[in-house]
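Read the structure below first, then the notes.
The values are calculated or read from the model by the stated rules, or taken from the named source; none is laboratory data. Since this is a predicted model, take the numbers as computed values, not measurements. Reconstructed Cβ throughout: ideal geometry from the backbone, glycine too, with neighbour counts over all protein chains shown. Ligands, DNA and RNA are stripped out before the accessible areas are found, and what is left, the full protein with its side chains, is counted by its heavy atoms. Shrake-Rupley method; radii C 1.70, N 1.55, O 1.52, S 1.80 Å.
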Amino acid sequence: MSAFPPSVTPSAPAPGFARAMLALGVGGFAIGTGEFVIMGLLPEVASDIGTTIPQAGHVISAYALGVVIGAPVLAVLAAAWPRRALLIALMAVFAAGNFASALAPGYLSLNLLRFASGLPHGTYFGVAALVAAALAPPDRRARAVGLVMLGLTGATLVGVPIAAWLGQQFGWRAAFVFVGLIALLAMAMLRRDLPGLAAPSGASPLRELGALKRKQVWLTLGIGAIGFGGMFAVFSYIKPTLTEVAGLPLPGVPLVLALFGLGMVGGNLVGSRLADKALMPTIGGVLVWAALVLTTFTFAAQHVATAAVNVFLIGTIVAIGPALQIRLMDVAGDAQTLAAALNHSAFNMANALGAWLGGAAITAGLGWTSTGWVGALLALAGLGVFGWSLASERGRLRAVAASPGRWARPRDPDAG
């Protein structure tokens, strides 16, 4: 799917690129704010609905489960939809889910509504990434995807602290009203500024399901689902850890959340540039970095200053996002929509897994800082899946090289 008219050189973005990226990014900003703000309001939610903080953390997992299920289902069902119409429809569902979450009367209804709010998340980001890559020059695909992700990471810097402040001042429900309003703005901008790109020729649910036959698609998803979970194991319980362990006063929490967002923005920008230069080394390097930073959290969380610096560094782990998105595009063949959407299913599997394991460690009496050890182990496990992916790909290449008929064979789009 190319968006370049004959007059546009491959070294320059397509006309209207900046406005299109801004519209896509505002949608990402809405989703990012809605996903992450609850992590800074768990004590308020727990108090209001009459449950414990670890149990309130289940609403994080419910949202993540909605992403995991919604991404493949919606991507397959809407494979042939025009891209702009699909993105607007997904944002409408997200807006409705957040307005409804603000009205949830109790624990069960809130979990169900957060699940529903998560359904469009993965497909939105997957399709937005494909649109961004189509509008960008070939050597800037990761940076274009990074611009879409900048809305998500920028949400943690601006949207989440504002929503957290609203939640503390007017109740946690006000935070979800704020998210719904941003989603309505995104819908208007997408309608105005996004080119009317059609779905790829021949797109169909059956063709999209072909992505599930590719081993490297599954391994790449495994890297994200496991290796990225460490960040969520820590961040899901960051507020009580900072207040109970480091002794951070409650008014300081939004400032530390902003530091996390600043780390995510920086990690996203640097990671997307590195991915355009060296894709696989970027993925492996970020996983090693994640293991180191998350291990350090266990010790850094004892003091406000060191905890704040470490929270910033944990945010940089998001650098792996654009790299994994491009990797999936490269190994998915002609099943681009499903593969791109599944990337965000994997990230939210990481969200659910990290939040659950972190909560289990706390409930077991290991203390708030035990989430750092949980996160480090998840990063190392993701590094193991990454090594499996590399070994599998090398094995396939050796088998092709040893085959007598290798020169007559077409290139296998599934690298591994």
| query | Residues of region 368-412 being modelled with pLDDT under 90 and open to solvent by less than 50 Å² (accessible area, probe 1.4 Å), which ones? | reply | SER392, GLU393, GLY395, SER403, GLY405
| task | Being within 16 Å of LEU209 (Cβ to Cβ), assigned to a helix (DSSP H, G or I) and either open to solvent by less than 40 Å² (accessible area, probe 1.4 Å) or out of contact with any Pro (no Cβ under 9 Å at 6 or more places or on another chain) (or both) is the filter here, so list the residues in region 71-89 that pass it. | result | ALA71, PRO72, VAL73, ALA75, VAL76
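Return yes or no: is GLN302 closer than 23 Å to ALA79 by Cβ and not hydrophobic (A, V, I, L, M, F, W, C)?
Values: closer than 23 Å to ALA79 by Cβ: no; not hydrophobic (A, V, I, L, M, F, W, C): yes.
Taking the combined requirement at face value, the residue does not satisfy it.
Hey, any hits in region 245-253 for a residue that's open to solvent by less than 10 Å² (accessible area, probe 1.4 Å) and in contact (Cβ under 8 Å) with a residue 40 or more places away in the chain?
Initial filter on region 245-253 (open to solvent by less than 10 Å² (accessible area, probe 1.4 Å)): 253.
If we keep only those that are in contact (Cβ under 8 Å) with a residue 40 or more places away in the chain too, we end up with 253.
Yes, the conditions are met somewhere in region 245-253.
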| request: Pick out the one residue from LEU113, LEU157, LEU103 that is free of Cβ contacts under 8 Å to residues at least 24 places away in the same chain and farther than 23 Å from ALA339 by Cα. | output: LEU113
| query | Residue check: is GLY333 outside any helix (DSSP H, G or I), touching a residue at least 60 places away in the same chain (Cβ under 8 Å) and more than 22 Å from VAL311 (Cα to Cα)? | reply | yes
| query | If you go through region 19-63 one residue at a time, how many are closer than 23 Å to ALA183 by Cβ, at pLDDT below 85 and among the hydroxyl-bearing types (Ser, Thr, Tyr)? | reply | 1
| task | Considering every residue within region 90-107, establish whether at least one is over 26 Å from LEU257 (Cα atoms), modelled with pLDDT under 95 and open to solvent by 10 Å² or more (accessible area, probe 1.4 Å). | result | yes
| said: Name the single residue that is farthest from GLY358 (Cα to Cα) among those in region 273-309 being surrounded by 23 or more Cβ atoms within 10 Å (Cβ to Cβ) and of a type outside the set (Val, Ile, Thr). | reply: ALA275
| said: So LYS277 passes all but one of these: (1) of a type outside the set (A, V, I, L, M, F, W, C); (2) modelled with pLDDT under 90; (3) in contact with a Leu (Cβ under 9 Å, 6 or more places away or on another chain). Which condition number does it fail? | reply: (3)
| So which residues in region 129-156 are over 19 Å from ALA23 (Cβ atoms) and in contact with a helix residue (DSSP H, G or I) (Cβ under 7 Å, 6 or more places away or on another chain), if there are any at all? | ASP139, ALA142, THR156
| Out of all the residues in region 115-132, is one or more in contact with an Asp or Glu (Cβ under 8 Å, 6 or more places away or on another chain) and either surrounded by fewer than 21 Cβ atoms within 10 Å (Cβ to Cβ) or not in a helix (DSSP H, G or I) (or both)? | no
| query | When you go through GLY359, GLY315, GLY365 one by one, which is the residue that is open to solvent by 50 Å² or more (accessible area, probe 1.4 Å) and either over 30 Å from ALA128 (Cβ atoms) or assigned to a helix (DSSP H, G or I) (or both)? | reply | GLY365
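For region 41-70, which positions are outside any helix (DSSP H, G or I) and either within 21 Å of PRO251 (Cα to Cα) or not small (Gly, Ala, Ser) (or both)?
In the first step, residues of region 41-70 are kept if they are outside any helix (DSSP H, G or I); the result is 41, 50-52, 57.
Correct list: LEU41, THR51, THR52.
Evaluate the following for MET349: is it open to solvent by 10 Å² or more (accessible area, probe 1.4 Å), more than 15 Å from the chain's Cα centre (by Cα) and within 30 Å of LEU90 (Cβ to Cβ)?
no
For region 138-201, give me every one of the helices (runs of 4 or more DSSP H) that falls completely inside it and has 2 or more residues that are surrounded by fewer than 20 Cβ atoms within 10 Å (Cβ to Cβ) and of a type in the set (Lys, Arg).
Working: elements: 141-154, 160-170, 172-193.
By residue number, 172-193.
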